[in-house]
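Asker: One structure coming up, written as structure tokens, with questions to follow.
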Amino acid sequence: MASADDCARNILEVVPLVVRALRATMRQQRGANLSVPQFRSLWYLSREAGASLSAVAEHVGLTLPSMSKMIDGLVARRLVDRGISTRDRRQVTLALSPLGRATLRTARARTQARVAERLDALSDSERVTVIRAMQALRPVFEPGSQSVAARKPPRRHAARSAAALRPLRRQA
């Protein structure tokens, strides 16, 4: 049987490796004149149109003055549109421009292709396991999502879950 602690240990061991590989691939595929924080800002704005400067700064991990300077550059390059909030005229809203969407779409497609090349080393059944694991983890970690425990009855197929972890344990 796979305990929650076993799952947490595997997540803490593997996710940083995946994130490191994704960041390296993003750096290679993001385009010549786009820094990783700029790429992450565009990515955030693709999911949170109309976000505030402080929301983007918090997501990327920059101070407000640093984020403001970076957004000024993205606006000057026509990758981001700045607007005024309809709720509060003092509030600035940010959204991707059409050029920003196209730039992000290209960088994402290139990154996805490189990640797919790496995942091609897995068998079909291992790739299915990865997809199922990602689908199971999304509602647990997605912001604003209710707890899985609150919306799902306990699983009765623990043997299958434990079997899915065996390849991770062999590599450790």
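Asker: From the convex hull of the Cα coordinates of the range 1-121, what is the mean projected area in square nanometres? Kindly include the intermediate steps, with their values, before the conclusion.
Answerer: Numbers: hull surface 40.4 nm².
With the hull built on Cα positions only, its mean projection is 10.1 nm².
Asker: To continue, here is another question. Note the full-extension length gain between Arg27 and Ser123 as 0.36 nm times their separation in residues minus their Cα-Cα distance, in nm to one decimal.
Answerer: Working: separation 96, 0.36 × 96 = 34.56 nm, distance 2.72 nm.
Gain on stretching Arg27 to Ser123: 31.8 nm.
Asker: Moving on to the next point. Of the peptides 94-106, 37-49, 6-18, how do they stack up when ordered by the mean number of other Cβ atoms within 10 Å, highest first? List each step's numbers first, then the result.
Answerer: Numbers: 94-106: 17.3, 37-49: 18.8, 6-18: 12.9.
Going by the mean number of other Cβ atoms within 10 Å, highest first, we get 37-49, 94-106, 6-18.
Asker: Extension gain Thr63-Thr106, at 0.36 nm per residue separation less the Cα-Cα distance, in nm?
Answerer: Details: separation 43, 0.36 × 43 = 15.48 nm, distance 2.79 nm.
Using 0.36 nm per residue and subtracting the Cα-Cα distance, I get 12.7 nm.
Asker: Of all the Cα-Cα pairs you can form in the range 61-133, what percent are over 18 Å apart? Write down the numbers at each step before the final one.
Answerer: Details: 1611 of 2628 pairs.
Within the range 61-133, distances greater than 18 Å cover 61 percent of Cα pairs.
Asker: 7 Å from Cα along Cα→Cβ at both Ile11 and Ala55: what's the point-to-point distance in nm?
Answerer: About 2.5 nm separates the two model spin labels.
Just so you know, all these numbers are worked out from the coordinates, no wet-lab data involved. Quick caveat, the model's predicted, so the values are computed rather than measured. Virtual Cβ from ideal backbone geometry, glycine too; neighbours counted across all protein chains shown.
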